[in-house]
Amino acid sequence: MTTALYPGSFDPVTNGHIDIIRRSAAIFDRLIVAVAVNVEKTALFSEQERLQMIVEATGEIANVEVDSFDGLLVKYARKHGVTAIVKGLRAISDFEFELQMASMNRKLAPDIETLFMMTANEYSFLSSSIVREIAAYGACVRGLVPPGVEEHLRNRLGLFK
Ligand code: ADP
């Protein structure tokens, strides 16, 4: 059985993430979406909220599991029998950081491959941070995030219709 791991902050999960989740779940037997809990990073949504939003948005995809982790990604990957780490690539600007991370992870765990999936064109501009920013200024985020996330943002930040 092949297991893929899709890690990220998911603060909050966007339709760009969901696209990568759907496409990887179609390739692997099992996909673990793992919310990175970084104590040094201040997030808009709590760990529980981020998990819940992903669970709500991926409920109909049978082979997706949602979890959180802190510490070393490869340690978590080993513990859960992960075959490959999946990352999404939007633009050249993602590449440098992702190459560095993938190279370090290969050094730490040569048996675990990192696979990159190109973003769907319509989501190439989309990031959690830009969603948080425009929502905070009252812009509508419909079509950019799953409907449940829209609701969470509305409750948290108020205002946009
Ligand atoms: P963000 O960069 O939006 O804050 P994360 O840190 O949660 O997102 O990213 C988790 C993973 O999802 C990374 O591999 C990132 O490159 C990828 N990703 C984020 N947004 C998109 C998108 N719109 N299309 C494809 N992949 C994406």
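Bear in mind these aren't lab numbers, they're just calculated from the coordinates by the rules spelled out. Fair warning: this is a prediction, and the values are worked out from it, not measured in the lab. Glycine gets a Cβ as well: all are built from the backbone with ideal geometry, and neighbour counts include every protein chain shown.
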Rank-order 138-148, 31-41 by packing density, defined as the average count of other C-beta atoms within 10 Å over each peptide's residues, highest first. 31-41, 138-148
Rule-of-thumb check for the chain: C-alpha Rg over 2.2 N^0.38 Å? 1.02
Can you give the % of DSSP beta bridges in segment 1-141 that are antiparallel, to the nearest 5? 0 percent
Non-local residues with an amide H under 5 Å from the amide H of SER9, with H modelled 1.01 Å from N and Pro and chain starts lacking one, are ALA36
Residue by residue through segment 55-66, what is 3J(HN,Hα) from phi via Karplus (6.51 cos²θ - 1.76 cosθ + 1.60, θ = phi - 60°)? Round to whole Hz and write x for glycine and proline. 4, 4, 7, 10, x, 8, 9, 4, 9, 9, 10, 10
Only loop residues by DSSP count here, and only those with at most 12 other Cβ atoms within 10 Å; note down the chymotrypsin sites (Phe, Trp or Tyr not before Pro) in segment 89-153 that meet that. PHE125, TYR137
Give the peptides 104-114, 69-79 in descending order of average Cβ contacts within 10 Å, highest first. 69-79, 104-114
Residues whose modelled amide H sits under 5 Å from the amide H of GLU113, counting only those 5 or more places away in sequence or on another chain, are ILE85
Work out from phi, with θ = phi - 60° and the Karplus expression 6.51 cos²θ - 1.76 cosθ + 1.60, the ³J(HN,Hα) of each residue of segment 130-138, listed in order in whole Hz, and give x for Gly and Pro. 6, 5, 4, 5, 5, 5, 5, 8, x
May I ask you to sort ILE54, ILE21, ILE92 by Cβ crowding, counting other Cβ atoms within 10 Å and putting the fewest first? ILE92, ILE21, ILE54
How many angstrom lie between the Cα centre of segment 84-161 and the Cα centre of segment 44-64? 14 Å
Peptide ranges 56-62, 130-136 listed from the most packed, as the mean C-beta count within 10 angstrom indicates: 130-136, 56-62
